[in-house]
Amino acid sequence: MSESQTFKAPGFFLGSGEAISKSDFYNKIETSKAPVILIGENHEDALAHAFELEILKKLNIAEKNVGLSLEFYDRESQTVLDEYLANLIPLDTFLSDSKPPVNHADYQPLLDHCKAVHLPVIAANCPRRYTRMVSKAGRDFLTPLSSTSARYLLPPLPYEGASDKYTQNFVDIMRAMGNTNPSVPTTMLDAQSLWDATMADSIHQGLGRMDKVVHVTGYFHIQYRLGTVEHLTRLRPETDILTVVILPAEETQVITEEQKHIADLVVLTDIEAL
């Protein structure tokens, strides 16, 4: 990539496809009464990470009791995450003990902001060993763990499997990637649903301590109000949820039919910038 290369400006839209300004985009988020704001991203999109930080800062001003929730840290990391936010341990200790994602530097500005202004952060996911178990043996394999200390690391068991729509979306993506194995829905989707169920339960618990939770995750987990949204709705049927998807696209100023209704608010960023 050339240092002088320029990229298309991002486009901002309502889920219906109506274009809006950047200021209107932020205003709709700031004025939303929804206690939960789910932000779906492509993990390699630097512009998405910048938008997430700006959203958090604006909500931090608007809301006195707002917290951040992250897909990328699991519940076993919550203690060391809390210690880091409380300035009890240095960054290198946090990174060595928290099983951070490979691109943890992309999320460090979010954590640094929360640390500076004393916002809580939820390590929202379950440890990967459980998704590996489920990938091999199915979601019912975890049910006996509901009577052990592992229950604190998992959602309530047994957790719900994927809906038909979520399953079809998942299969379509796998096929597009060249994976036509007919067992994909059972060997991989149960593990995907475990992440969704755990994140939803973590947000649900967080709302007992916070007035508003901003959750950052991969966009597949929330697109079309499926996945994590479905699990959270089962837990809190009366709770409003605002979904925001920041999606890399070839064209940023015109939304396609497939991109419509992927979220309540949609941002299209230049795919060439990844």
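The values are calculated or read from the model by the stated rules, or taken from the named source; none is laboratory data. It should be emphasised that the depicted structure is a prediction, and the values quoted were computed from it without experimental measurement. For neighbour counting, all protein chains shown are included, and Cβ atoms are generated from backbone atoms with ideal geometry for every residue, glycine included.
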Of the numbered conditions (1) farther than 17 Å from Ala124 by Cα; (2) modelled with pLDDT of 90 or more, Thr198 satisfies every one except a single condition; which is it? (1)
Can you confirm whether segment 215-238 contains a residue that is acidic (Asp, Glu) and without any contact (Cβ under 8 Å) to a residue 12 or more places away in the chain? yes
Return the residue satisfying two criteria in turn: it lies in segment 2-31 and is among the polar types (S, T, N, Q) and farther than 18 Å from Ile262 by Cα, and of such residues it is modelled with the lowest pLDDT. Ser2
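Rundown of residues vs (1) under 15 Å from the mean Cα position of the chain (by Cα); (2) surrounded by fewer than 19 Cβ atoms within 10 Å (Cβ to Cβ); (3) among the basic types (Lys, Arg); (4) within 20 Å of Glu44 (Cβ to Cβ), yes/no style:
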{"residue": "Lys64", "(1), (2), (3), (4)": "no, yes, yes, no"}
{"residue": "Leu70", "(1), (2), (3), (4)": "yes, no, no, yes"}
{"residue": "Asp74", "(1), (2), (3), (4)": "yes, no, no, no"}
{"residue": "Ser77", "(1), (2), (3), (4)": "no, no, no, no"}
{"residue": "Asp82", "(1), (2), (3), (4)": "no, yes, no, no"}
{"residue": "Leu91", "(1), (2), (3), (4)": "no, yes, no, no"}
{"residue": "Phe94", "(1), (2), (3), (4)": "no, no, no, no"}
{"residue": "Ser98", "(1), (2), (3), (4)": "no, no, no, no"}
Positions within segment 21-53 being farther than 28 Å from Phe72 by Cα and either without any contact (Cβ under 8 Å) to a residue 12 or more places away in the chain or under 14 Å from the mean Cα position of the chain (by Cα) (or both), in sequence order: Ser21, Ser23
Exactly one condition in (1) at positive phi; (2) surrounded by fewer than 21 Cβ atoms within 10 Å (Cβ to Cβ) is false for Gly227; which is it? (2)
Long-range neighbours under 7 Å by Cβ, at least six apart or interchain, first residue assigned to a loop (DSSP other than H, G, I, E, B) within segment 253-274, second of a type in the set (Ser, Thr, Tyr): Lys260/Ser16; His261/Tyr224; Ile262/Tyr224; Ala263/Thr243; Asp264/Thr243
Looking at segment 102-142, which of its residues are of a type in the set (D, E, K, R), closer than 21 Å to Glu54 by Cβ and in contact (Cβ under 8 Å) with a residue 12 or more places away in the chain? Asp106, Lys115
Are there any pairs with C-beta distances below 7 angstrom linking a residue in segment 54-77 that is of a type in the set (Gly, Ala, Ser) to a residue that is part of a helix (DSSP H, G or I), with the two at least 6 apart or on different chains, and if so which? Ala62/Glu30; Gly67/Gly206; Ser69/Ser202; Ser69/Ile203; Ser69/Gly206
Scan segment 89-129 residue by residue and report those that are among the β-branched types (Val, Ile, Thr) and in contact with a Ser or Thr (Cβ under 8 Å, 6 or more places away or on another chain). Val121, Ile122
I'm told Thr239 meets every condition in (1) in a helix (DSSP H, G or I); (2) under 27 Å from Tyr26 (Cβ atoms) except one. Can you identify the failing condition by its number? (1)
Out of Leu53, Leu47, Leu59, Leu38, sole residue that is surrounded by 23 or more Cβ atoms within 10 Å (Cβ to Cβ) and either over 21 Å from Gln259 (Cβ atoms) or hydrophobic (A, V, I, L, M, F, W, C) (or both): Leu38
Test for Asp74: is it of a type in the set (Asp, Glu) and closer than 22 Å to Asp196 by Cβ: yes
